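Below is one structure; the comments refer to it alone.
The values are calculated or read from the model by the stated rules, or taken from the named source; none is laboratory data. Small disclaimer: the values here were computed from a predicted structure and weren't measured. Don't worry about glycine lacking a Cβ; one is built from the backbone with ideal geometry, like all the others, and counts go over all protein chains shown.
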Amino acid sequence: MDLIIRNAVLPRSAPKQPGPVDIGMEAGRIVAVEPKLAASAREEIDVQGALVTPPFVDAHFHMDATLSYGLPRVNASGTLLEGIALWGELKPHLTQEALVERALQYCDWAVARGLLAIRTHVDVCDERLLAVEALLEVKRRVAPYMDLQLVAFPQDGVLRSAGAFENLKRAIAMGVDVVGGIPHFERTMADGAESVRLLCEFAAEKGLRVDMHCDESDDPMSRHIETLAAQTHRLGLHGRVTGSHLTSMHSMDNYYVSKLLPLMRESGVAAIANPLINITLQGRSDTYPKRRGMTRVPEMLAAGINVAFGYDCVMDPWYSLGSGDMLEVAHMGLHVAQMTGIDAMHACFDAVTANAARILGLEGYGIEAGCEANLVVLDARDAVEAIRLRAGRLVVGSRGKVVSRSPAARASLSLEGRPTEVDFKLHRS
């Protein structure tokens, strides 16, 4: 074989195994997952009971803006609306070379973090479609080791921005994968609903997936997710449509939500929360009590709706922080949603792995024979410990090849009568 990972512990979402397993890989595929695999390989790595998981998946990101922090100026207020205005100021100065350079740098960060699949929205409201061309080039260049899925995103509104719908169609014809939208940013609620209809009909005609920024607002009357679910049901797009953000649901009354959740489930609409950004940008007009803005993740999961977490922004006009670590996203989502039960914490890990992979429609995702040989060895013994520690990525494998290695996090101590080293894990005698 090409590579064997020995003595691996798998996440709870993987098929049950009686104990540590060996994972054998050949020709870019996993060919065996079993205890004490009787085979040899060109390279064998004994991970000694560490957690081995499929790669992290970011279901919602903006790679065209990433690492542009401070260009042409800093978002002084830190608000969503100033971020949108700032992006509008930056767009005329964008160059394809700079977009590609920043995106590739971020992809390097992502690989080192075990993040090997990203769905990124790309603004199509620039007539030049510079960002589309740039990210299509990035997608081509990272294809040997990363899945990059592009969403045609009419950031200024597909009806509000002149020519945006035609630009979106051009972007799809150029090779962009998914139809995007932003109904709550249209000029009226009626225009928002009309934009959902137009975009869903276009996606149905082309056989494409849909992922809309939907109800990214504190206004409980922003209810475009209802329209999105209804259009999904009407057009038979079940399982191909996602509503991202859905922050207005945080402020909706419970009776309305009790009607909305079954509609989302029946239409197969998935949801993506962006914990770091939702709690940063929402609730800005509140004093106290102050809403945090993240959508109703536990309630949607309980209703049978697939929910993933996204990073959304890293060092761009909307968010000055970030590093590409999806465990940071899971950690924040766990706290904001108060998902501290054992099953709930594991569900937060799934939100940045298996759940997100289903939304992207990734084929061959998982740690099973026949799956693509993509995996991450974490410096942790289970998913909860991985989230708690934001565990280091000891080994990252893509297509059966090791593409990144990191040392384990250890601190040396010089204390009389105490251990000489700590690894921040709980050890019982």
Only residues in the range 116-128 that are in the same structural domain as Y145 (by TED's automatic domain parsing) count as the first member; pair them with residues that are basic (K, R) and modelled with pLDDT of 95 or more, Cβ under 8 angstrom, at least 6 apart or cross-chain, and list the lot.
V124/R170
Can you tell me which residue is farthest from the chain's Cα centre (by Cα) among those in the range 332-359 that are among the β-branched types (V, I, T) and outside any loop (DSSP other than H, G, I, E, B)?
I342
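Residue-wise test of (1) touching a Ser or Thr at 6+ places or on another chain (Cβ under 6 Å); (2) farther than 13 Å from G310 by Cβ; (3) not aromatic (F, W, Y).
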{"position": "S248", "(1), (2), (3)": "yes, yes, yes"}
{"position": "M252", "(1), (2), (3)": "no, yes, yes"}
{"position": "S258", "(1), (2), (3)": "no, yes, yes"}
{"position": "P262", "(1), (2), (3)": "no, yes, yes"}
{"position": "S267", "(1), (2), (3)": "yes, yes, yes"}
{"position": "I272", "(1), (2), (3)": "yes, no, yes"}
{"position": "L276", "(1), (2), (3)": "no, no, yes"}
{"position": "Q282", "(1), (2), (3)": "yes, yes, yes"}
{"position": "D286", "(1), (2), (3)": "no, yes, yes"}
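For (1) in the same structural domain as P11 (by TED's automatic domain parsing); (2) under 27 Å from G293 (Cβ atoms); (3) buried (at least 22 other Cβ atoms within 10 Å of the Cβ); (4) among the polar types (S, T, N, Q), each residue gets a yes or a no:
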residue	(1), (2), (3), (4)
H60	no, yes, yes, no
T66	no, yes, yes, yes
L71	no, yes, no, no
L81	no, yes, no, no
I84	no, yes, no, no
K91	no, yes, no, no
R113	no, yes, yes, no
L136	no, no, no, no
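Any idea which of M315, M345 is out of contact with any Pro (no Cβ under 9 Å at 6 or more places or on another chain), farther than 30 Å from K91 by Cα, outside the structural domain of G49 (by TED's automatic domain parsing) and modelled with pLDDT of 95 or more?
On the way: M315 fails: farther than 30 Å from K91 by Cα.
Selected residue: M345, the only one of M315, M345 that is out of contact with any Pro (no Cβ under 9 Å at 6 or more places or on another chain), farther than 30 Å from K91 by Cα, outside the structural domain of G49 (by TED's automatic domain parsing) and modelled with pLDDT of 95 or more.
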Counting only residues that are touching a residue at least 60 places away in the same chain (Cβ under 8 Å) and crowded, with 23+ Cβ neighbours inside 10 Å, which one in the range 330-349 is nearest to P35 (Cα to Cα)?
F349
Could you tell me how many of the residues in the range 133-169 are touching a residue at least 60 places away in the same chain (Cβ under 8 Å) and either over 29 Å from L115 (Cβ atoms) or of a type in the set (D, E) (or both)?
2
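Quick grid of which residues meet (1) among the polar types (S, T, N, Q); (2) within 11 Å of D218 (Cα to Cα); (3) touching a helix residue (DSSP H, G or I) at 6+ places or on another chain (Cβ under 6 Å):
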position: G239; (1), (2), (3): no, no, no
position: S248; (1), (2), (3): yes, yes, no
position: Y255; (1), (2), (3): no, no, no
position: E266; (1), (2), (3): no, no, no
position: N278; (1), (2), (3): yes, yes, yes
position: D286; (1), (2), (3): no, yes, no
position: G293; (1), (2), (3): no, yes, yes
Just for the range 203-213: of the residues that are in a helix (DSSP H, G or I) and either crowded, with 18+ Cβ neighbours inside 10 Å or polar (S, T, N, Q) (or both), which one is nearest to the chain's Cα centre (by Cα)?
A203
Check the range 364-371 and report whether any residue there is surrounded by fewer than 16 Cβ atoms within 10 Å (Cβ to Cβ), within 20 Å of the chain's Cα centre (by Cα), outside any helix (DSSP H, G or I) and not basic (K, R).
yes
Go through the range 20-58 residue by residue and tally those that are out of contact with any Phe, Trp or Tyr (no Cβ under 9 Å at 6 or more places or on another chain), on the phi < 0 side of the Ramachandran plot and assigned to a loop (DSSP other than H, G, I, E, B).
10
Out of all the residues in the range 284-300, is one or more within 18 Å of the chain's Cα centre (by Cα), farther than 25 Å from L150 by Cα and either among the aliphatic types (A, V, I, L, M) or not assigned by TED's automatic domain parsing to the domain that holds A356 (or both)?
yes
Within the range 214-259, how many residues are assigned to a loop (DSSP other than H, G, I, E, B) and on the phi > 0 side of the Ramachandran plot?
4
Among the residues of the range 63-99, which ones are closer than 13 Å to V122 by Cβ and touching a residue at least 40 places away in the same chain (Cβ under 8 Å)?
M63, D64, A65, T66, W87, Q96
Just one listed residue, out of R381, R399, R418, is exposed (fewer than 13 other Cβ atoms within 10 Å of the Cβ) and out of contact with any helix residue (DSSP H, G or I) (no Cβ under 8 Å at 6 or more places or on another chain), and it is R418
